[in-house]
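The values are calculated or read from the model by the stated rules, or taken from the named source; none is laboratory data. Given the structure is predicted, the values throughout are model-derived calculations rather than measurements. As a convention, Cβ positions derive from the backbone with ideal geometry for all residues, glycine included, and neighbour counts pool all protein chains shown.
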């Protein structure tokens, strides 16, 4: 059985103002064929087109906080979804004021969307389950920034155990038996034979997690929420030479992001949200690697398998 | 004496949703070194960067109406101006609700701009002077669209008359005499010689005008406002094959835009705001040319001298 899809597409990787080669924060996550947009800086819809992502497939939008570089692309994206004939409900997870703003925007432009929006408001108090279905769970957790801000944790649910096909036929297992075995239970087959789960099943692939942390000051409190994530995205607006400015503006350095990754014992770290003052972003990588080796830089258009 | 600058840079030329090669409506007009941004679709700040326009030089922003493809780029542009240290006042001309929206936006993101915004509200009742200084005048005039919408007329003021240098010295003209002559008056010089204006001056270059019409249904009432403009930009969202849809959505066809240009006896017509349904925009040109020859298509990045 092949693993279910779990892939990230970086749509924007710069902080504050977009440049001609780096867009503001946005990522598209495909988790078990659920398409989740994470933050939505200006021109995200253009980036989606550029990288040939089907944006009508997006059913969930997660907005971490209400600084412009994380949501100024949302009005345009929602409008285009409308103009291109979207009918299915869109779920938006973010601060309550985001709804207030979108409502005013559509009111003044006298726009009546053809699809409905289901709002789920976030808060920065503890871990909260935002969405769940049979395959995935998504949580928010608090980040420390100048205004209310949350990170997001995307988790696969435990996959069913894998059944040995040869033994399945040998023991003439019914579909009911198979379902019980996939869930880890033991069964008794039609011949009255007691079959222990471990005799006929193998462990499924490990359920994976992706954690998204932007924007935030260096804060070890976040470690509990993202512990052992397979992939962690952590903002690194500055290099260590500007750690004072990072603290003052409630942002992090590459070194600090790596320190969080190490403390949380994640498998892999992605750095992003680079300040435009740095011409060569390679220095973010070398700085982080002195503390945490398994890391890479977000660049617009990059695909990363979780 | 060389003519003063009067040049247009097309930043976006598509209708409704931006594509990867055509942005939403926006134009940068340099009129006598006054930089005016006309409409501001999403990603306009990125287009300004791409085409190497200095966006801090923009002191005037004109928004025709509150459909998203004409103003969704404004929040990002204003934020970037702030982040990049702008201090000088920015003048924004547009519907009153635009201010309401921007106020809410900056309120929820807890942003206090470092520069002030001077708002001038437009209405769609007749011709209104929005801005005037010693070199230019800008007017709004009503367009007929689904919501309140205005066009804009940019006019050079009459330039001073040109004085023949040889005669100026021969007649020993004082600076006071010269100033009077430049304004078209006759003078008496220090020797008591009466000098008729026509004897020592030449006509200045003709004062030029640029008219901007987007979005609008075909409406001959607009002709009075744009009569004899040197350059007219008129939207042409559709070709004639979809003239019914154009009417229904309060837009124009290429043929209709050309009809307006002809009736207004302008010198030159620019077509834009093309619906993304048309792959080959050359057809807009051929359709318009059957009625009005001197026309061209707006394409992103194109510069047009007025």
Legend entry - Residues of region A:151-179 satisfying the condition of being surrounded by 15 or more Cβ atoms within 10 Å (Cβ to Cβ) and more than 30 Å from residue A:30 (Cβ to Cβ): A:168, A:171, A:173, A:177
Inset, instruction - Among the strands (runs of 3 or more DSSP E) lying completely within region A:90-185, list those that include at least 1 residues that are touching a residue at least 40 places away in the same chain (Cβ under 8 Å). - result: A:90-94, A:128-132, A:136-143, A:149-156
Inset, instruction - Identify the residue in region A:87-103 that is under 20 Å from residue A:152 (Cβ atoms) and away from chain B (no Cβ under 12 Å) and, among all such residues, is surrounded by the fewest Cβ atoms within 10 Å (Cβ to Cβ). - result: A:89
Legend entry - Every residue from region A:279-295 that is in contact with a strand residue (DSSP E or B) (Cβ under 8 Å, 6 or more places away or on another chain) and free of Cβ contacts under 8 Å to residues at least 40 places away in the same chain: A:281, A:282, A:285, A:289, A:292, A:294, A:295
Inset, instruction - Check region A:54-77 and report whether any residue there is surrounded by 18 or more Cβ atoms within 10 Å (Cβ to Cβ), more than 16 Å from the chain's Cα centre (by Cα), at pLDDT 95 or above and over 25 Å from residue A:276 (Cα atoms). - result: no
Legend entry - Selected residue (only one of A:140, A:116 is touching a strand residue (DSSP E or B) at 6+ places or on another chain (Cβ under 9 Å), more than 30 Å from residue A:260 (Cα to Cα) and away from chain B (no Cβ under 14 Å)): A:116
Inset, instruction - Return yes when residue A:299 is under 22 Å from the mean Cα position of the chain (by Cα), farther than 30 Å from residue A:176 by Cβ and surrounded by 22 or more Cβ atoms within 10 Å (Cβ to Cβ) and no when it is not. - result: no
